[in-house]
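Undergrad: I have a structure I would like to understand better, so I am pasting it below and will then ask my questions one at a time.
The values are calculated or read from the model by the stated rules, or taken from the named source; none is laboratory data. Owing to the predicted nature of the structure, the values given are computational and were not obtained by experimental measurement. Every residue, glycine among them, receives a Cβ derived from its backbone with ideal geometry; neighbour counts consider all protein chains shown.
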Amino acid sequence: MRIIRPEEFRTQPWKNGGGITHEIAREDRGGALLWRLSIAEVASDGPFSAFPGLSRILTVIEGAGLHLHTPEGRLDALPLAPLAFSGDLAVDSRMIGGPIRDFNVIYDGSRLRASVQTLRDSLPACPSAPGKSYALLALAPAETIGLPAGALALSRHFEACASAGFAGLLVTFTQTL
């Protein structure tokens, strides 16, 4: 298991220049992005960066959320409710009640499947399997596995465990190619 602490995150401007992102981890293959995990700070309304050819799962981790206006209609990004959409989708966001922070999984959906699950007080068994890997973002400490709040653990498997007060997001990646 590899633990990445917040002080190791790489802060960079948004692709569209409208804010900042804290890149936690990424994997590139064949000169192209396979996946990227990041936390964005959204302090104003405005457009999202486009990620052509990629898929995205956004989960609000602080604040009331965002209304995402798209050509296909409005999507609501609400606290701890993972929202999947295409990186190609034109999105203009409006904050619900003020600034937010969100966790983003951006990935190549042609080579990989990804999902995000919200966890409370326990971590389910995440068995080792070919082409499968996991990322666990601790929103509150996971003491039983030594994961402090704000840190992320990358692993090929996790054992099921309980940790009172734990809250987190579990990302599951499954390679399709």
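Undergrad: For residues that are under 15 Å from Leu154 (Cα atoms) and at pLDDT 95 or above, tally how many sit in the stretch 118-133.
TA: 2
Undergrad: Where in the stretch 1-69 are the strands (runs of 3 or more DSSP E), entirely inside, with at least 1 residues that are within 17 Å of the chain's Cα centre (by Cα) and of a type in the set (A, V, I, L, M)?
TA: Qualifying strands (runs of 3 or more DSSP E): 2-4, 20-29, 32-42, 55-62.
Undergrad: Output the qualifying pairs, or none if there are none: Cβ atoms under 6 angstrom, residues six or more apart or on different chains, first residue in the stretch 37-57 and touching a residue at least 40 places away in the same chain (Cβ under 8 Å), second residue aromatic (Phe, Trp, Tyr).
TA: Ile39/Phe103; Ser55/Tyr107; Arg56/Phe85
Undergrad: If you don't mind, there's one more thing I want to ask. Filter the stretch 116-132 down to residues that are of a type in the set (A, V, I, L, M, F, W, C) and not in a loop (DSSP other than H, G, I, E, B), then give me how many there are.
TA: 4
Undergrad: Could you identify the single residue in Leu66, Leu58 that is modelled with pLDDT of 95 or more, touching a Lys or Arg at 6+ places or on another chain (Cβ under 9 Å) and at negative phi? Can you show your working first?
TA: Working: Leu58 fails: touching a Lys or Arg at 6+ places or on another chain (Cβ under 9 Å).
Testing whether each residue is modelled with pLDDT of 95 or more, touching a Lys or Arg at 6+ places or on another chain (Cβ under 9 Å) and at negative phi leaves just Leu66.
Undergrad: Taking Ala142, is it surrounded by 15 or more Cβ atoms within 10 Å (Cβ to Cβ), free of Cβ contacts under 8 Å to residues at least 12 places away in the same chain and not polar (S, T, N, Q)? Give the derivation first.
TA: On the way: surrounded by 15 or more Cβ atoms within 10 Å (Cβ to Cβ): yes; free of Cβ contacts under 8 Å to residues at least 12 places away in the same chain: no; not polar (S, T, N, Q): yes.
Judged against the criteria, Ala142 is not a match.
Undergrad: Criterion first (exposed (fewer than 15 other Cβ atoms within 10 Å of the Cβ), farther than 15 Å from Val171 by Cβ and either at pLDDT 95 or above or outside the structural domain of Tyr134 (by TED's automatic domain parsing) (or both)) does Gly18 satisfy it?
TA: no
Undergrad: Give the residues of the stretch 1-45 that are among the basic types (Lys, Arg) and in contact with a Phe, Trp or Tyr (Cβ under 9 Å, 6 or more places away or on another chain), sorted by residue number.
TA: Lys15, Arg26, Arg36
Undergrad: With the requirement that a residue be among the polar types (S, T, N, Q) and surrounded by fewer than 15 Cβ atoms within 10 Å (Cβ to Cβ), what does the stretch 21-59 give you?
TA: Within the stretch 21-59, Ser44 is the sole residue that qualifies.
Undergrad: Please return the ranges of strands (runs of 3 or more DSSP E) entirely within the stretch 75-115 where 2 or more residues are in the same structural domain as Ile20 (by TED's automatic domain parsing) and under 19 Å from Gly18 (Cα atoms).
TA: Answer list for the stretch 75-115: 92-95, 100-107.
Undergrad: Could I ask something else about it? Looking at Ala153, Ala77, Ala114, which is the one that is touching a residue at least 60 places away in the same chain (Cβ under 8 Å), under 22 Å from Phe48 (Cβ atoms) and surrounded by 14 or more Cβ atoms within 10 Å (Cβ to Cβ)?
TA: After ruling out the rest, the residue left standing is Ala114.
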